[in-house]
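First the structure, in the form of structure tokens, and then the observations on it.
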Amino acid sequence: MSAKSLRVVAPGESAPAKSLPLTVEDAADHGSRRDLLVAMRARVATAVQDLKTPAPALAALTRRLMEVAKDIEALDAADEQGVGRGVRRGDEAFDASAI
């Protein structure tokens with residue numbers, strides 16, 4: 001689960017409406033990498049849950065579902081740490097003489 005900041009809704013303010021999840025096609029065309037992974041996870045999970053899914057496909061789908069879930073977790077963890085967003089981490093000063 002992503003660690004999003006929660007707050008109390010102010011008097012007279014309503015909670016934001018939940019947006020519908022993107023389809024895989026919409027996420028691929030207009031969404032972020034995370035949007036695409038979330039849409040793929042939902043699509044693969046639907047296929048895994050479907051009793052008509054052939055057994056040989058079920059093994060591959062289950063494996064892919066786990067991979068996509070890990071990719072989402074990795075993106076969320078990187079986002080929490082500010083990785084890839086230009087956040088300075090207090091690295092050492094660059095020393096050109098070390099090259």
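The table below lists the values:
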quantity: Qualifying residue in the range 49-59 (condition: closer than 30 Å to GLN81 by Cα and free of Cβ contacts under 8 Å to residues at least 24 places away in the same chain); calculated: no
quantity: Index of the failed condition, SER32 passing every other in (1) closer than 23 Å to SER19 by Cα; (2) at pLDDT 95 or above; calculated: (2)
quantity: Residue selected from the range 49-70 under the condition under 25 Å from ARG34 (Cβ atoms) and small (Gly, Ala, Ser), by the criterion surrounded by the fewest Cβ atoms within 10 Å (Cβ to Cβ); calculated: ALA60
quantity: Residue match in the range 64-83 (condition: more than 21 Å from the chain's Cα centre (by Cα) and at pLDDT below 95); calculated: no
quantity: Tabulated pairs, the range 71-99, first within 20 Å of LEU36 (Cα to Cα) and aliphatic (A, V, I, L, M), second at pLDDT 90 or above and surrounded by fewer than 11 Cβ atoms within 10 Å (Cβ to Cβ), C-beta under 7 angstrom, 6+ apart or interchain; calculated: none
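The values are calculated or read from the model by the stated rules, or taken from the named source; none is laboratory data. The shown structure was predicted, so the numbers you read here are calculated from the model rather than taken from an experiment. Backbone-built Cβ (ideal geometry, glycine too); neighbour counts: all protein chains shown.
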